[in-house]
Amino acid sequence: MKIAVLPGDGIGTEIVAEAVKVLNVLELPLEMEEAVVGGAAYEAKGHPLPDATLQLAKDADAVLFGAVGDWKFDKLERALRPEQAILGLRKHLGLFANLRPALCYEQLTHASSLKPELVAGLDILIIRELTGDIYFGQPRGRRTAVDGHFPGAEEAFDTMRYSRPEIERIAHVAFQAARRRGKKVTSVDKANVLETFQFWKDVVTEVHAQYPDVELEHMYVDNAAMQLVKAPKKFDVVVTGNMFGDILSDEAAMLTGSIGMLPSASLDANNKGLYEPSHGSAPDIAGKGVANPLATILSAAMMLRYTLAQPEAADRIESAVRAVLAAGLRTPDIYSDGTRKVGTREMGDAVVAAITGKTIKG
Ligand code: IPM
Ligand code: MG
């Protein structure tokens with residue numbers, strides 16, 4: 001099994017190193033090869049997604065990704081910015097299904113900004129369509145307006161669009177995921193205003209006919225944003241378009257109070273996937289050895305589960321993470337009184353120790 005390892009920028013290199021360490025103790029036939037991506041790739045090779053990196057990702061069975069981005073690249077033209085690396089990988093690898101679980105760990109219930117009773121036991125799965133919508137829709141650009149409120153003025157525009165097959169395939173992913181969980185799907189749209197999302201709602205409803213055992217509810221995106229903080233536990237699987245999913249998945253992540261804990265998977269039609277933490281490159285704490293590696297370590301677990309068909313190895317990682325939390329180890333982002341503050345490397349070492357059956361010192 002070949003894994004392309006793309007650490008990227010900021011804390012990416014530190015957290016990915018810990019995930020690789022964890023994968024290495026599992027004694028599986030994994031072949032890992034590393035390449036530059038994002039700002040690091042721009043600096044080394046002049047492009048955020050060099051051909052060699054893309055080829056490595058294409059040839060691999062799965063991609064383990066850190067994070068990209070740094071303020072120092074904000075002035076570059078859009079095509080050369082670090083974010084283009086992840087957008088390019090999604091597009092070229094056809095990674096249309098983005099799975100972002102928001103799981104509230106028992107020991108971290110108090111870390112949420114919501115009342116503990118609202119989030120205790122929270123377990124929702126946001127499924128975000130990842131290769132369509134206004135992110136990729138053409139045409140887009142700048143021009144002189146010929147109509148609208150200010151004809152003759154300079155304007156910018158993007159195109160929101162979804163085709164039937166794009167909606168159908170993500171709806172299937174959502175209904176199938178719901179079957180393995182709480183059997184409920186909330187499809188989030190803006191059908192009251194947007195043509196694209198009336199179509200979305202219609203197609204999701206049609207696909208639902210094939211899943212009579214799963215409950216389907218429709219919700220407008222503004223209401224969904226509100227319900228997520230009002231009664232998050234009412235959700236099971238949430239499926240939505242690329243842009244609404246970008247926003248709602250950050251909101252859902254924050255419900256758990258610890259975005260540093262949340263993994264994600266981006267899958268193609270054959271379950272090949274790119275796995276990355278839900279958080280970003282955090283340039284402000286890069287190189288300090290304080291970043292939480294658990295989201296990346298848990299992303300490696302998702303990779304074993306979804307793409308590499310090694311559910312037992314995935315279980316071992318997930319249990320080890322629970323064990324280190326139970327032992328009271330915390331990186332600064334999840335630290336609270338009465339626990340022990342550790343750095344990135346020590347946290348990774350503790351997960352390795354838990355996997356190999358050593359007792360964790362709290
Ligand atoms: C995400 C990020 C990306 C997105 C950026 C970095 C392009 O916010 O993965 O959610 O908007 O999809
Ligand atoms: Mg985002």
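The values are calculated or read from the model by the stated rules, or taken from the named source; none is laboratory data. Here the structure is a predicted model, which is why all the values come from computation and not from measurement. Ideal geometry is used to build each Cβ from the backbone, glycine not excepted, and the neighbour counts take in all protein chains shown. What goes into the accessible areas is simple: the full protein's heavy atoms, side chains included, and nothing from ligands, DNA or RNA. Shrake-Rupley method; radii C 1.70, N 1.55, O 1.52, S 1.80 Å.
For residue 201, the lysines whose Cα comes closer than 19 Å to its Cα, not counting residues fewer than 8 places off in the same chain, are 183, 184, 190. Taking 0.36 nm per residue of separation and subtracting the current Cα-Cα distance, fully stretching the chain between residue 322 and residue 215 would add 35.4 nm.
Of the beta bridges in the chain, as assigned by DSSP with both residues counted there, near 40 percent are antiparallel. With a Förster radius of 45 Å applied to the beta-carbon distance between residue 159 and residue 118, the computed FRET efficiency rounds to 0.75.
Cross-link reach is defined here as a Cα-Cα straight distance under 20 Å, omitting same-chain residues fewer than 8 places apart; for residue 58 the lysines meeting it are 2, 45, 91, 272. Computed from backbone phi, the HN-Hα couplings of segment 137-146 come to x, 10, x, 8, x, 10, 6, 9, 5, 9 Hz, rounded to whole numbers (Karplus: 6.51 cos²θ - 1.76 cosθ + 1.60, θ = phi - 60°; Gly and Pro given as x). Estimated at 0.36 nm per residue, the fully extended path between residue 251 and residue 309 surpasses their Cα-Cα distance by 17.9 nm. Basic side chains Lys and Arg get +1 at the Cβ, acidic Asp and Glu get -1 at the Cβ, and with that the dipole of the chain about its Cα centre reaches some 520 debye. Label-to-label distance, residue 75 versus residue 223, with points set 7 angstrom from Cα along the beta-carbon direction: 4.7 nm. Looking at segment 98-263, the accessible area is 47 square angstrom per residue; that uses a 1.4 Å probe and ignores ligands, DNA and RNA.
Can you bin segment 98-263 into rounded, prolate or oblate? Criterion: square roots of the alpha carbon gyration tensor eigenvalues sorted a ≥ b ≥ c, rounded for a/c under 1.5, prolate for a/b above b/c, oblate for the rest. It comes out oblate by the Cα gyration axes.
Here the spin labels are modelled as points 7 Å beyond Cα on the Cα-Cβ line, and at residue 147 and residue 169 they lie 3.4 nm apart. Phi angles of segment 318-335 translate, via the Karplus equation with coefficients 6.51, -1.76, 1.60 and θ = phi - 60°, into HN-Hα couplings of 5, 5, 5, 5, 4, 5, 5, 5, 4, 6, x, 7, 9, 6, x, 5, 10, 5 Hz per residue; Gly and Pro are given as x.
Using the Cβ-Cβ distance between residue 192 and residue 33 with R0 set to 45 Å, the FRET efficiency works out to roughly 0.40.
Put simply, the amide H of residue 236, placed in the peptide plane, has neighbours under 5 Å in 186, leaving out anything fewer than 5 places away on its chain.
How far is helix 83-92 tilted off the main Cα axis of the chain, in degrees rounded to 10, range 0 to 90? Roughly 80 degrees between the two axes.
Legend: calculated FRET efficiency, residue 183 to residue 1, from the Cβ-Cβ distance at R0 = 41 Å, rounded to 0.05, equals 0.80.
Of the GluC sites (Glu not before Pro) in segment 1-57, the ones in a loop by DSSP (not H, G, I, E or B) with at most 16 other beta carbons within 10 Å are 27.
Overall, the accessible surface of the chain at a probe of 1.4 angstrom is composed of carbon and sulfur to the extent of 51 percent. Using θ = phi - 60° in the Karplus curve 6.51 cos²θ - 1.76 cosθ + 1.60, the 3J(HN,Hα) couplings for segment 340-357 round to 10, 7, 10, x, 4, 5, 5, 5, x, 4, 5, 5, 4, 4, 5, 5, 8, x Hz; x is entered for Gly and Pro. Here the peptides 266-273, 191-198 are ranked by packing, the mean other Cβ count within 10 Å, and the order with the highest first is 266-273, 191-198.
Spin-label model, residue 358 to residue 340: label points 7 Å out along the Cα-to-beta-carbon direction sit 1.2 nm apart. Solvent-accessible surface of segment 264-362, taken per residue with a 1.4 Å probe and all protein chains present: 40 Å². DSSP beta bridges confined to segment 184-277 are antiparallel in about 35 percent of cases.
Ordering 279, 298, 175 by Cα displacement along the dipole of the chain toward the positive end leaves 298 in first place; charges were set at the Cβ atoms of Lys, Arg (+1) and Asp, Glu (-1).
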